[in-house]
Amino acid sequence: MNDLPSDLRIRCAAPSDIDAALRFWREAAEGTSITDDRDGVARLVARDPEALLLAERGGELVGTVIAGYDGWRCHLYRLAVHPGHRRQGIGGALLAAAEERFTRLGGRRADAMVLDRNALGQRAWRAAAYGPQEQWTRWVKPLSAHPTA
């Protein structure tokens with residue numbers, strides 16, 4: 001996290017941050033997910049307290065990323081930057097923090113879930129040196145009565 005904008009702070013989320021993160025995603029993220037609920041995020045924070053990273057500027061939440069590591073693969077979700085704070089290095093700083101975490105844990109490759117319709121997000125991921133892996137298609141099965149998202 002060496003190249004952080006000087007007034008940016010990146011930290012791990014605490015249980016008390018869950019509601020703020022959910023509100024933030026409704027405003028700043030592209031789309032919602034069946035896992036965007038208090039219980040789901042609380043389970044994430046309880047199971048892996050370092051996975052949900054928050055970027056704050058002046059005490060205001062301006063960005064998030066989930067850097068999940070299952071002991072084998074590194075997964076990135078919910079990279080979101082507040083629309084009024086984009087193009088200021090926040091997304092890059094969050095990704096650098098996530099990648100540092102993965103490296104520290106022994107991860108070898110990170111992947112990200114990016115909606116096909118999210119052109120802005122795709123540009124951001126490309127700028128961060130990520131690219132689509134064309135030989136793969138994501139297959140999903142809902143495990144409850146919730147619709148697939």
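The values are calculated or read from the model by the stated rules, or taken from the named source; none is laboratory data. Everything numeric in this text was worked out from a predicted model, so none of it was measured. Here Cβ is always computed from backbone atoms with ideal geometry, including for glycine, and neighbour counts include all displayed protein chains. All accessible areas refer to the heavy atoms of the entire protein, side chains included, with ligands and DNA or RNA removed. Shrake-Rupley method; radii C 1.70, N 1.55, O 1.52, S 1.80 Å.
Does E134 satisfy the condition of being in contact (Cβ under 8 Å) with a residue 12 or more places away in the chain, open to solvent by 50 Å² or more (accessible area, probe 1.4 Å) and out of contact with any Gly (no Cβ under 6 Å at 6 or more places or on another chain)? Give the derivation first.
On the way: in contact (Cβ under 8 Å) with a residue 12 or more places away in the chain: no; open to solvent by 50 Å² or more (accessible area, probe 1.4 Å): yes; out of contact with any Gly (no Cβ under 6 Å at 6 or more places or on another chain): yes.
In short, no.
Remark: pairs (first residue in the stretch 42-59, touching a residue at least 12 places away in the same chain (Cβ under 8 Å) and in a loop (DSSP other than H, G, I, E, B); second residue open to solvent by less than 10 Å² (accessible area, probe 1.4 Å) and of a type outside the set (D, E, K, R); Cβ separation under 6 Å; 6+ apart in sequence or on different chains) = A51/A67.
How about the stretch 74-113: which of its residues are part of a loop (DSSP other than H, G, I, E, B) and open to solvent by 50 Å² or more (accessible area, probe 1.4 Å)? Scanning the stretch 74-113 gives R86, R87, Q88, R108, R109, M113.
Residue by residue, here is whether (1) open to solvent by less than 80 Å² (accessible area, probe 1.4 Å); (2) among the small types (G, A, S); (3) modelled with pLDDT of 95 or more holds:
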| site | (1), (2), (3) |
| --- | --- |
| P15 | no, no, yes |
| F24 | yes, no, yes |
| A28 | yes, yes, no |
| S33 | yes, yes, no |
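When A55, A21, A13, A46 are checked against the criterion of being within 20 Å of W125 (Cβ to Cβ), among the hydrophobic types (A, V, I, L, M, F, W, C) and in contact with a helix residue (DSSP H, G or I) (Cβ under 8 Å, 6 or more places away or on another chain), A55 stands alone in meeting it.
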